[in-house]
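Structure first, commentary second.
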Amino acid sequence: MRGSRPESIVVIGAGEAGARAAMALREQGFAGRVTIIGDEPHAPYERPPLSKAALTDEVEPQAAFILTPERLAEHAITHRSDTRVLAIDRDAHRIELAGGERIAYDRLLLATGASARRLSIDGAGPDNVQTLRTLDEARALRTRLRPGSHLAILGGGFIGLELAAAARARGAEVTLIELAPRLLARAVPADLAAIIARRHEAEGVRLLTGTGIASIETDSTGHVVSLSTGERVVCDAILAGIGAIPETGLAERAGLAIDNGIAVDERLATNDPDIFAAGDCCSFPHALYGGRRVRLEAWRNAQDQGNAAATNLLGGSDAYEAVPWFWSDQYDITLQIAGLADEGSETVTRELGDDARLDFHLANDGRLVAASAVGPNGKIARDVRLAEMLIARRATPDRAALAAPAVKLKGLLAG
Ligand SMILES: Cc1cc2nc3c(=O)[nH]c(=O)nc-3n(C[C@H](O)[C@H](O)[C@H](O)COP(=O)(O)OP(=O)(O)OC[C@H]3O[C@@H](n4cnc5c(N)ncnc54)[C@H](O)[C@@H]3O)c2cc1C
């Protein structure tokens, strides 16, 4: 139906990107049918609190709704919860739900997100190794965090580290096991990861880096995680925070192009002009980085792509090129990353005092391609925001000015 105005838009996946897109369709004046279908039992809710406040609050966590049932109704957005979409019939412009019902669409948005990677090792299964992606999983995990309990966390990425901080706040003992020689090896520069590691150790987390897992045994009294070093860690609960896998099954079965996620162009369109994708599930060419294809697992990206997808579902031609941005809260410190740090070949550091620092990542030609910072939120947030603006402008700031805390980044922006 390329070109003509759609009458019915269906969004698959009622998470951050899907909910934002549904709302943005209304904000942009779309008066046709909007249906959002998700397989979870709740109205769309925020995931970031699940590894933070939802685990540390005294009371059982409630969903932090992105769109409440009332708001969905007010904007005439039909939300089908607890409903899995099984297939897309592209020729007939119809999707099929579990149970056999079919729904017609003019344009379709895939916002299917990602799911937690499962540990495939002797003795590990969904009953004894928990993951953390959904509200229901956070609720289940929270009951295991109490003084005297011992939690083994497999994986030193963001989820594992945020959970370690939450578990310590609730008085649980924590052993965190990471195969790589250091924490956050995939996304964070070594100097910043070292600050984070020191903080966890100071809070009483036992960090075992460069350590593999041989097997897991479970009986009625608890679990034993056997390590590559021969040590046996006895614990009451095990969480695997070993990454996420994009949900591409539906797209794959429909014959859509896949490349580390559902492959979309800069307008977030798939190789079917009536089907778009947004959020954790898709990879897209990033104009700021020479068209390099990236897939981001980040809250703001899911929101921004939801907005951009809505525009383009309605026939727009917005090219998505927002600067990637991610944050993580652990104890009272925040880590923020703007841009893609691995695009840099040189790092310039700005010391902000009190274990707070900001790394600027420059490409060969001196262009600022990323900034990463760790420290109290109040010390780093503003500078990262300004760095983000410099990155978006493809600025080539003076190295000495970047390194000097006395030089205001705002001034560099003006230059
Ligand atoms: C515990 C946790 C903490 C996080 N903390 C941060 C943070 O501090 N900072 C940050 O930047 N980012 C954070 N994130 C990442 C951020 O939440 C995600 O990037 C964002 O939620 C992605 O949104 P999405 O809409 O693409 O996918 P999701 O939020 O995963 O939503 C996709 C939805 O689609 C549903 N679905 C999939 N397939 C189907 C189907 N066939 N039929 C029906 N429904 C389907 C899924 O069940 C899911 O409900 C965190 C994520 C988690 C899990």
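No lab work stands behind these numbers, since they all come straight from the coordinates. Quick caveat, the model's predicted, so the values are computed rather than measured. A quick note on method: Cβ atoms are made from the backbone with ideal geometry, for glycine too, and the neighbour counts reach across all protein chains shown.
Phi angles of region 53-70 translate, via the Karplus equation with coefficients 6.51, -1.76, 1.60 and θ = phi - 60°, into HN-Hα couplings of 4, 4, 8, 9, 4, 5, 9, 3, x, 9, 5, 8, 5, 7, 9, 6, x, 5 Hz per residue; Gly and Pro are given as x.
Is the shape of the chain best called rounded, prolate or oblate, per the rule: a/c under 1.5 gives rounded, else a/b larger than b/c gives prolate, else oblate, with a ≥ b ≥ c the square roots of the Cα gyration tensor eigenvalues? Note, shape of the chain comes out oblate. In summary, the aspartates and glutamates within cross-link reach of Lys408, defined as a Cα separation below 20 angstrom excluding same-chain residues under 8 places away, comprise Glu351, Asp354, Asp355, Asp359, Asp383, Glu388, Asp398.
Sorting check: for 389-402, 188-201, which peptide has the highest mean count of neighbouring beta carbons within 10 Å, and how do the rest follow? List each step's numbers first, then the result.
Working: 389-402: 15.9, 188-201: 18.0.
Sorting 389-402, 188-201 by mean packing, highest first, produces 188-201, 389-402.
Think of it as helices only: each DSSP H run of n ≥ 4 in the chain is worth -39500 (n - 2.57), and spread over all residues that comes to -7000 deg cm²/dmol at 222 nm. Close amide H contacts of Leu86 (hydrogens built in the peptide plane, cut-off under 5 Å, sequence separation of 5 or more or a different chain): Glu96, Leu97, Ala98. Using 0.36 nm per residue and subtracting the Cα-Cα separation, the extra length available between Asp318 and Val407 on full extension is 28.5 nm.
Converting phi to 3J(HN,Hα) with the Karplus coefficients 6.51, -1.76 and 1.60 and the offset θ = phi - 60°, region 245-257 yields 10, x, 7, 10, x, 4, 5, 4, 5, 8, x, 7, 5 Hz in sequence order, with x at every glycine or proline.
The label-point distance for Ile195 and Ser215, in a model that sets each label 7 Å from Cα toward Cβ, rounds to 4.3 nm. For Lys52, the lysines whose Cα falls under 27 Å of its own Cα, not counting residues fewer than eight places away in the same chain, are Lys379. Around the amide H of Val205, modelled in the peptide plane, lies no amide H under 5 Å away from a residue 5 or more places distant or on another chain.
Given H placed 1.01 Å from N in the peptide plane, which residues other than close sequence neighbours of Val11 have an amide H under 5 Å from its amide H? Hits under the 5 Å cutoff: Thr35, Ile36, Ile37, Leu109.
With θ taken as phi - 60° and the Karplus curve 6.51 cos²θ - 1.76 cosθ + 1.60 applied, the whole-hertz 3J(HN,Hα) list for region 79-89 is 10, 9, 8, 6, 10, 9, 8, 9, 7, 10, 9 Hz, x standing for glycine and proline.
Put the Cα centre of region 242-273 next to the Cα centre of region 39-85 and the gap is 24 Å.
Can you put Val407, Val233, Val10 in order, fewest other beta carbons within 10 Å first? Can you show the working numbers first?
Details: Val407 15, Val233 19, Val10 27.
Least crowded to most crowded, the residues run Val407, Val233, Val10.
Between Ala185 and Ala140, the FRET efficiency from the beta-carbon distance, with R0 = 45 Å, is close to 0.95.
Does region 300-356 come out rounded, prolate or oblate by the C-alpha gyration tensor, with a ≥ b ≥ c the root eigenvalues, rounded set by a/c under 1.5 and, if not, prolate when a/b is larger than b/c and oblate if not? Oblate. Out of all DSSP beta bridges with both ends in the chain, state the antiparallel percent to the nearest 5. Among the beta bridges of the chain, antiparallel pairing accounts for roughly 60 percent. Ordered by the number of other Cβ atoms lying within 10 Å of each residue's own Cβ, fewest first, Thr78, Thr221 fall into the sequence Thr221, Thr78.
Shape of region 290-388 from its Cα gyration tensor (a ≥ b ≥ c, root eigenvalues): rounded if a/c is under 1.5, otherwise prolate when a/b > b/c, or oblate? Oblate, because a/c is 1.5 or more while a/b does not exceed b/c. Translational diffusion of region 118-242 was estimated from the Stokes-Einstein equation, with Rh taken as the Kirkwood radius over Cα pairs; at 20 °C and 1.002 mPa s the coefficient is 148 µm²/s.
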